[in-house]
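Chemist: Structure provided below as structure tokens; questions to follow.
The values are calculated or read from the model by the stated rules, or taken from the named source; none is laboratory data. Computed from a predicted structure; not experimentally measured. Don't worry about glycine lacking a Cβ; one is built from the backbone with ideal geometry, like all the others, and counts go over all protein chains shown.
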Amino acid sequence: MSTVDASERPITVHVENIGGIDETDVELRPGVSVLAGRNATNRTSFLRSIMAALGSDRVSLKGDAEEGRVELAVGEESYTRRLVRSNGVVSFDGKPYLEEPELADLFAFLLESNEARRAVEVGGDLRELLLRPIDTERIDDEIERLRAERRQVDERLSELSTLERDLPDLEAERGRLDDEIDEATERLEAARAALETATDDDTDTDDDLERLRELRTRLEDLEYDRETERRSLESLETEREEVEAALEELPRAETGALDELASRIETLRGRKRELDETVSRLQTIVQFNQEIVEGDRPAFVRQVEEDRPVTDRLVGDEPVTCWTCGSSVEAAAIEETLDRLRDLRTEMAERRSEVTDELDEVRAKREDNAERRRERERLDREREETEREIERREERLSEVETEIESLESEIESLESEIENRDGDETFTLQRELTEAEFELRRLETERDAVVEEIDEIEESLSSRERLENQRESIREEIERLRTRIDRIERDAIEAFNEHMGTVLDLLDYANLERIWIERREAASAGEEAEYVLHVTRSTEEGVAYEDEVEHLSESEREVTGLVVALAGALAHDVAKEVPFILLDSLEAIDSERIAALVEYFDDHVPYIVVALLPEDAAALDDDYRRITDI
């Protein structure tokens with residue numbers, strides 16, 4: 001998604017077969033666009049068309065159309081939404097402006113049914129509303145992941161501290177080995193010179209001694225190989241024991257469970273599809289009829305009987321022509337039917353949610369069974385591979401031990417031959433030379449290992465600064481995530497209280513001093529904080545007193561709901577996501593206050609589109625663009 005450039009660039013909106021609109025093209029400019037007109041002039045349908053192009057699904061296809069379309073274009077960027085009816089169900093496709101419209105639906109698309117506006121009227125949970133866009137579970141998961149990462153970094157830093165403490169001892173050990181290597185080298189040279197002196201004229205002895213050295217060197221190599229094979233065998237046998245223990249602990253997948261679960265999943269999928277279709281149909285019916293009731297579809301025609309008493313007309317019980325059967329019914333009866341349809345839609349949505357939950361549960365069971373089966377197969381393969389490797393190592397160990405026995409026998413025979421031929425002195429000198437060579441090789445090997453360990457430690461220690469910086473970054477990210485919800489809460493409450501105060505000053509409601517939100521901490525662990533809406537009024541004598549929210553006038557409630565939405569938009573920085581605020585159904589507020597409210601909202605978002613009756617539109621700034629033909 002790219003961000004609309006809210007400079008002096010107009011936006012064009014093309015609509016086909018949406019709500020009550022056949023086809024229209026409308027240009028919107030930065031600032032306020034006023035949709036001025038009477039009821040049944042498609043103003044709400046046009047607002048919902050904009051919502052559709054921006055990503056919302058809260059839009060209906062024209063009742064007699066099989067396909068509808070909205071395109072919103074700014075400069076070279078274009079965003080489209082297509083609605084298609086198939087078997088009575090309307091589906092959406094295309095490229096809307098928003099991938100996820102929840103923020104906009106809550107805090108930018110402020111039509112009559114907007115939840116933020118209605119929350120004040122019905123006493124809704126303001127905290128839940130303002131925090132709903134925050135995925136708290138995802139934040140908790142991310143915090144736990146970061147904590148695990150921090151533990152790993154802490155462990156590594158602790159290891160580095162231990163290594164750093166070991167470094168002086170290793171350097172001392174390297175110095176000691178250097179000294180011993182010098183001494184061993186001197187002993188070796190002395191032993192070699194003494195032996196050469198004793199055997200200068202004996203070629204056979206030289207050859208035999210060289211052969212003896214070769215055999216002993218080979219024997220040392222084989223003894224090292226034997227020890228290596230033994231350690232490998234021990235490790236492999238331990239691995240086999242661990243695999244066998246894991247196999248014993250791993251529950252077996254239920255026989256036939258995967259097939260049964262697959263069948264259950266298919267059944268639940270079918271049920272969910274049926275419920276999806278039912279909910280979609282009900283949503284279309286409710287929304288279609290709601291737009292008619294709101295006066296945005298000419299199909300809904302009120303037939304006021306001319307000879308009915310004026311008092312009957314005043315109480316609003318005039319009959320209406322039903323747009324489905326053509327009979328004359330009371331408006332209240334139609335509203336009751338809509339209420340029942342809404343209740344049925346809610347019931348079907350709840351059933352769909354239950355089926356979805358069960359489907360997720362069955363899928364999880366199937367995956368658990370499949371995972372157990374895969375894990376058992378993996379462990380079986382690992383055990384077989386380990387057993388084959390154990391057999392190979394045992395064969396190799398047997399070969400090495402056989403060769404060692406043969407070498408030991410050959411060395412013993414050669415030593416006896418040299419001793420018998422040359423006497424004890426030559427043999428003793430040869431033994432001393434061999435021991436000196438072996439000792440020097442041992443010391444050099446040991447020193448190489450110490451030097452390698454020192455190099456590894458020094459290389460590891462060079463990463464300490466990076467690890468410390470990484471740990472600090474993790475700490476800051478955890479703190480940011482921990483405080484994100486608190487920050488959103490604080491910002492939302494501060495924004496509401498600040499803007500509500502300013503708006504009340506602008507609109508000048510009689511004796512209404514203040515409307516504000518108080519955050520009350522949870523009464524006990526496991527409970528959530530609560531947002532309490534307060535109303536403060538004053539007497540003619542200027543004495544302030546606490547009033548009930550229920551006592552707010554319809555105008556005051558509407559204004560409060562709009563400021564709740566504005567506070568949510570500011571706290572969540574909605575303008576960065578979608579640069580629009582859409583306003584409709586403001587008739588409960590008088591014209592002058594509507595004008596002041598629209599002007600105030602204009603300071604906080606690049607594009608405002610507001611639907612107003614002509615007499616209300618007349619009170620707005622003349623510089624605002626009027627759109628009267630949709």
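Chemist: Out of (1) small (G, A, S); (2) touching a helix residue (DSSP H, G or I) at 6+ places or on another chain (Cβ under 8 Å); (3) at pLDDT below 90, the odd one out for S553 is which?
Modeler: (2)
Chemist: What do you reckon, is E458 of a type in the set (D, E) and at pLDDT 90 or above?
Modeler: Numbers: of a type in the set (D, E): yes; at pLDDT 90 or above: yes.
Answer is yes for this residue.
Chemist: Would you check which residues across region 442-473 are outside any helix (DSSP H, G or I) and surrounded by 12 or more Cβ atoms within 10 Å (Cβ to Cβ) and list them?
Modeler: The first filter runs over region 442-473 and keeps only residues outside any helix (DSSP H, G or I), leaving 462-463.
The one that is outside any helix (DSSP H, G or I) and surrounded by 12 or more Cβ atoms within 10 Å (Cβ to Cβ): S463.
Chemist: Same structure again: If the Cβ limit is 6 Å and pairs must be 6+ apart or interchain, which residue in region 373-387 that is within 7 Å of V243 (Cβ to Cβ) pairs with which residue that is part of a helix (DSSP H, G or I) and of a type in the set (D, E)?
Modeler: T386/E239
Chemist: Please identify the pairs in which a residue from region 601-626 that is more than 13 Å from L110 (Cα to Cα) has its Cβ atom under 8 Å from the Cβ atom of a residue that is aromatic (F, W, Y) and not in a loop (DSSP other than H, G, I, E, B), counting only partners at least 6 apart or on another chain.
Modeler: V605/F580; P606/F580; Y607/F580
Chemist: Are any residues in region 235-263 surrounded by fewer than 17 Cβ atoms within 10 Å (Cβ to Cβ), under 30 Å from A349 (Cα atoms) and modelled with pLDDT of 75 or more, and if so, which ones?
Modeler: Matches in region 235-263: E260, A262, S263.
Chemist: So D169 ticks every box in (1) assigned to a helix (DSSP H, G or I); (2) modelled with pLDDT under 90 but one. Which box is left unticked?
Modeler: D169 satisfies all of (1) assigned to a helix (DSSP H, G or I); (2) modelled with pLDDT under 90 except (2).
Chemist: May I ask you to list the residues in region 71-89 that are surrounded by fewer than 21 Cβ atoms within 10 Å (Cβ to Cβ), in contact with a helix residue (DSSP H, G or I) (Cβ under 7 Å, 6 or more places away or on another chain) and of a type in the set (A, V, I, L, M, F, W, C)?
Modeler: Passing the criteria: only V89.
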